[in-house]
Every structure is written in C-alpha cells, then in structure tokens.
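These notes are about the structure you will find just below.
The values are calculated or read from the model by the stated rules, or taken from the named source; none is laboratory data. The shown structure was predicted, so the numbers you read here are calculated from the model rather than taken from an experiment. We place every Cβ from the backbone using ideal geometry, glycine too, and count neighbours over all the protein chains shown.
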C-alpha cells in the first residue's frame, strides 16, 4: 500500500514537472520561425492526458496534450487566443530541462484560432475601403459598411453582407451583397460590381507550428479559424534568445 502511495505521489510530481516543461517548449517552439527578439506568447491551461504520467515523462512521449496560447505576434489582426489539442508530442524532456538541445516532434495538432470583432475592425480600418463588420443574429450573419468606388458614381458608402472565404491557407473577407445608402437607397446583387468592393485578405500565414487554416466560422464574439498541422519538428538549438543589439 505504501508503494502504491509513493507511486501516486511521484506521478503527481511528474505531472507538475511535465506541464511546466511542456509550456516552456511550446512557448519557444511558437517563436521558431520569428525574429529572435519577438516577445514570447503566454502558454496556459496545459493538460496532459493518459496514465500513468510518470511513464510519459520518463519516455518523453505524451499521447494527448491540450493548451491555450495568447499574446501571439502577428502581421494581421490581433489573435486573442489559440486553443490547441495535440496528439503525439515527443520531447527529450530531461535533456531540455538541464539546458541541452534537442528536437521536439509533434505528430498531429488541431487548433482553434480566435479573433474578436474589435480586433478585426481595428485591422480593417488600416485597409482600403474602410470596412467595418457588425455581427447580427449571434454572429450567424455579418453586416458591413464600406466605401466602394462605383462606375459613374465614384466613392460611395455601401452596406451589405459579407462572408469569410478560406483557400490555400488564406482567409479573405468577401462581400456577398451590397446596398447603396444615401442618395439612392438601392439594394443591388453584387454581380459585376464585385470588382469595385474590397475583398480584403486577412493575413494568417504566420501562425505558429506552420498551422494551416482549413475553415472559418463566426459567432457572437468573433471569427474562429480551424487550423491543422502534422509531423512538426522544432529544433531547440534554433530557439536560443538573441543578444541585445550592440552587445
């Protein structure tokens, strides 16, 4: 009985150690392809499935890991969070914990990338057309206001409906219908006018771990992107912090 109790205590200690080290390595791995002075993201809510944990720590192979990343650097809209579920994480955990280098391998990652409407609109204000998104009916419908350069009329304020399209790891804001406000108050099928209404790309190509976006959906809080990655390898030798400029 005492042996069982000791094993359980050791197992709990292994869990705490593994979570700390896993968060550290995921945080570093997220910066692998970014400039060395990029501020690291915050990794939280690390969960490790499977039992016993002690065996996973000793082998450095974890079957089921969940985590949340916030504060990620991006060239596009601010990313509020990435909630990731990983199957098959292989980490030389004792070598890394003692300051050595190694290669982290991830078999499969599924992630939900979330952006708020406030952050999307802040980004859109910097793009052509001065587009603004307003969610309607719990985000099931997105209404927009924008400036469109229309034939014979010049720049006009338009309203309408928009969707998000995903193709080749690119997300694009695509208006699906427009209504002319002000002088005419007309609702027009987009048709040939589509080339005059901004179809704005949302930069997401720099997601960590080479995540590829596969789908976009909206709700009352913002835009969610489903993203996947497989057979990821990150060398910790490439994650060393750089020296301050001039040192």
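Out of curiosity, is residue 67 within 23 Å of residue 228 (Cα to Cα), outside any helix (DSSP H, G or I), outside the structural domain of residue 142 (by TED's automatic domain parsing) and at pLDDT 90 or above?
No, not satisfied.
Could you go through segment 158-165 and let me know if any residue there is at pLDDT below 70, surrounded by fewer than 18 Cβ atoms within 10 Å (Cβ to Cβ), in contact with a strand residue (DSSP E or B) (Cβ under 7 Å, 6 or more places away or on another chain) and outside the structural domain of residue 85 (by TED's automatic domain parsing).
no
Picking from 172, 187, 214, which residue would you name as being farther than 27 Å from residue 89 by Cβ, outside any loop (DSSP other than H, G, I, E, B) and modelled with pLDDT of 85 or more?
172
Could you tell me which residue of segment 39-57 is farthest from residue 79 (Cα to Cα), considering only residues that are modelled with pLDDT of 70 or more and part of a loop (DSSP other than H, G, I, E, B)?
Looking at residues that are modelled with pLDDT of 70 or more and part of a loop (DSSP other than H, G, I, E, B), I get 49.
Pick from 101, 119: which is modelled with pLDDT of 90 or more and closer than 27 Å to residue 207 by Cα?
That would be 119, the only listed residue that is modelled with pLDDT of 90 or more and closer than 27 Å to residue 207 by Cα.
Can we say residue 139 is outside the structural domain of residue 89 (by TED's automatic domain parsing), assigned to a loop (DSSP other than H, G, I, E, B), surrounded by 15 or more Cβ atoms within 10 Å (Cβ to Cβ) and modelled with pLDDT of 65 or more?
Spelling it out, residue 139 is indeed outside the structural domain of residue 89 (by TED's automatic domain parsing), assigned to a loop (DSSP other than H, G, I, E, B), surrounded by 15 or more Cβ atoms within 10 Å (Cβ to Cβ) and modelled with pLDDT of 65 or more.
Taking only segment 80-92 into account, find how many residues are free of Cβ contacts under 8 Å to residues at least 60 places away in the same chain and part of a loop (DSSP other than H, G, I, E, B).
1
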